[in-house]
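Everything on this sheet refers to the single structure shown next.
The values are calculated or read from the model by the stated rules, or taken from the named source; none is laboratory data. Computed from a predicted structure; not experimentally measured. Note that each Cβ is placed from the backbone with ideal geometry, even for glycine, and that neighbours are counted across all protein chains shown. With ligands, DNA and RNA removed, areas are computed over all heavy atoms of the protein, side chains included. Shrake-Rupley method; radii C 1.70, N 1.55, O 1.52, S 1.80 Å.
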Amino acid sequence: MFHIEVISSDDASFECPPEKSLLHGMESQSVKAINVGCRGGGCGFCKIRILEGEFEAKKMSIKFVTKEAQAAGFALSCRVFPRSNMRVMAVGND
Amino acid sequence: MQKGVIGTAHVQIRVLDIDEAVTHYRDRLGLLETDRDSQGRVYLKGWTEADKFSVVLREADEAGMDFMGFKVLNNEVLASLRQDLIDFGCNVEDIPAGELNGCGPRVRFDSPTGHMFEIFAEKEVVGRATGHRNPDAWPMDLKGMKATRFDHCLLYGDDLDGTLKLFTEVLGFWLTEQAMDGDVRIAQFLTTSMKEHEIAFIRAEGKGMFHHASFLLESWDDVLKAADLISMWDISIDIGPTRHGLTHGQTIYFFDPSGNRNETFAGGDWYVPGMPTTTWDAEKLGKAVFYHARELNERFLNVTT
């Protein structure tokens, strides 16, 4: 279980096991720090910037996170699986 | 006025992982897989549909809709509408027969809302799953939600007026329902048949956005059971089961594994040519969209692929 710290308009934190995406882990604990959209990597609603921590990511829509943005640490939290404690910033789909 | 467009025939949907998508659309929604092609695309249809496919899945780096296709009466209508689309100002592309397995020549065109559509006259007929001679009521081996057919799409884009003109004046659709904010049309539902909508659009900044593809179920009981299956399989839920004010359909919304929204629905209104257009006022929009909750939900309103 990893500790996930979210910087957003409502800072929050939650615990997330490695088999759950950050968004799924957050929803499981009824925390509302990241916007919940499709939960499938398609809509961009749950976009975050990863500030610290190790993770694995599943494929996500390049319409909302280009390959360059992914390289810069942006990701859709529904596709990110933690491999250490993490610190992320909620940025939404703008 | 009818121009020879029969109605909604197919949609090609982009998915991030084709295997996950096939599990969703075939084993959970209950469509029947009818073919695959050399590009890796997977073809499916509902069990009541006679043509070879109505849903095509294509693996890509983004989710969303590639295009939606409408069947027309014959090749003369196809040629005539092709010219009308050019005269209207659409960018028109001829897609040769066989580019989609079992489909004749297609005329692809863009729209003022930035979506790609196509018309075609011929598609291989494989028949309903129950056959066409002394058929039984339904096939006994259906899976999951037992979707009977692909029914319609809802699309988001900015130039609703331009797309309304294209669909009504060039393609002969009727405007069955609309939502109006003063003089601004914020939603438009269009048909060429007795279905309340073959396609619908909602006004939003930007172009080419895909809100959902919808599949018809037999009954309200099937909508409830679809909701049960969504929980059993832990499918990403959007909202429902509930009823819409617009079209009065009984509905539930959820997402495929790539984040494309699906609807399964039953019931709702029928349209008969000559009926007045039904209008929903902006201040009643909550009730128009979700008839029971009577309030809009940000995810349903804003999440598109």
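Things worth noting here:
- Here the stretch B:246-305 is treated as an ellipsoid with the same Cα gyration tensor; its semi-axes, largest first and in whole Å, are 23, 16, 11.
- Taken residue by residue and averaged, Cβ atoms of other chains lying within 10 Å of the Cβ of B:54-63 number 3.
- Per residue, the average separation of C-alpha pairs within less than 8 Å and at least 6 apart gives chain B a relative contact order of 18 percent.
- Fraction of antiparallel bridges per DSSP, the protein assembly as shown only, in percent to nearest 5: 75
- Extended-chain gain in nm, criterion 0.36 nm per residue less alpha-carbon gap, B:THR48 and B:TRP220: 60.1 nm
- B:GLU20-B:GLU298 pseudo-label distance in nm [points 7 Å out on the Cα-to-Cβ vector]: 2.4
- Rg to Rh, two decimals, where chain B supplies the alpha carbon set and Rh follows Kirkwood: 0.94
- Taking the convex hull of Cα positions in the stretch B:1-48, its mean projected area over all directions (nm²): 4.9
- Filtered GluC sites (Glu not before Pro), the stretch B:195-292: DSSP coil and at most 12 other beta carbons within 10 Å: B:GLU205
- Of the residues B:TRP174, B:TRP220, B:TRP233, the one that moves most in a GNM of chain B with alpha-carbon contacts below 10 Å is B:TRP233.
- For chain A, average projected area of the Cα convex hull in nm²: 5.0
- The lysines within cross-link reach of B:LYS165, meaning a Cα-to-Cα straight distance under 22 Å and a gap of 8 or more places when in the same chain, are B:LYS3, B:LYS71, B:LYS195, B:LYS207.
- Placing a label point 7 Å from the Cα of B:MET232 along the Cα-to-Cβ direction, the residues of the stretch B:121-158 whose backbone N falls under 17 Å of that point are B:140-148.
- Chain B: most fluctuating residue of B:ASP161, B:ASP228, B:ASP136 per GNM, C-alpha cutoff 10 Å: B:ASP136
- With all pairs of separate Cα atoms included, the stretch B:84-173 yields a Kirkwood hydrodynamic radius of 16.1 Å.
- With q set to 0.13, 0.20 Å⁻¹, the log10 of I(q)/I(0) for the stretch B:50-133, from the Debye formula over equal scatterers at the Cα positions, is -0.47, -0.98.
- Debye-sum result for the stretch B:176-233 in log10 I(q)/I(0), which assumes one identical scatterer on each alpha carbon, at q = 0.14, 0.15, 0.25 Å⁻¹: -0.61, -0.67, -1.03
- Point-to-point label distance, B:ASN75-A:GLN29, nm (Cα→Cβ direction, 7 Å offset): 6.5
- Residue mean of other protein chain beta carbons inside 10 Å, B:230-241: 1
- Cα point-scatterer Debye curve for the protein assembly as shown, base-10 log of I(q)/I(0) at q = 0.08, 0.12 Å⁻¹: -0.43, -0.97
- Averaging the Cα positions of each part gives two centres, and for the stretch B:243-305 and the stretch B:49-78 these lie 23 Å apart.
- Size of the stretch B:110-241 from its Cα atoms: along the principal axes, largest to smallest, the extents are 49, 37, 22 Å.
- In summary, the convex hull built on the alpha carbon positions of the stretch B:20-85 has an orientation-averaged projected area of 6.1 nm².
- In chain B, the DSSP-assigned H stretches of four residues or longer account for a calculated mean residue ellipticity at 222 nm of -4000 deg cm²/dmol, using -39500 (n - 2.57) per stretch and the full residue count as denominator.
- Relative contact order for the stretch B:167-233, counting Cα pairs under 8 Å that sit 6 or more residues apart, in percent: 18
- At a Cβ-Cβ separation cutoff of 4.7 angstrom, cysteine residues of the protein assembly as shown with no neighbouring cysteine are A:CYS16, A:CYS46, A:CYS78, B:CYS90, B:CYS103, B:CYS153.
- Kirkwood Rh in Å, taken over the stretch B:168-265 so that all alpha-carbon pairs contribute: 14.9
- Association of chains A and B removes close to 1500 square angstrom of accessible area from solvent, both sides included, for a probe radius of 1.4 Å.
- Residue with peak Gaussian network fluctuation, chain B [Cα springs, cutoff 10 Å], from B:GLN39, B:GLN83, B:GLN178: B:GLN39
- Dipole of the protein assembly as shown computed with +1 at Lys/Arg Cβ and -1 at Asp/Glu Cβ about the Cα centre; of B:LEU246, B:ILE202, A:ALA69, farthest Cα towards the positive end is B:LEU246.
- Peptides ranked, highest mean first, by Cβ atoms within 10 Å: ranges B:66-73, A:35-42: A:35-42, B:66-73
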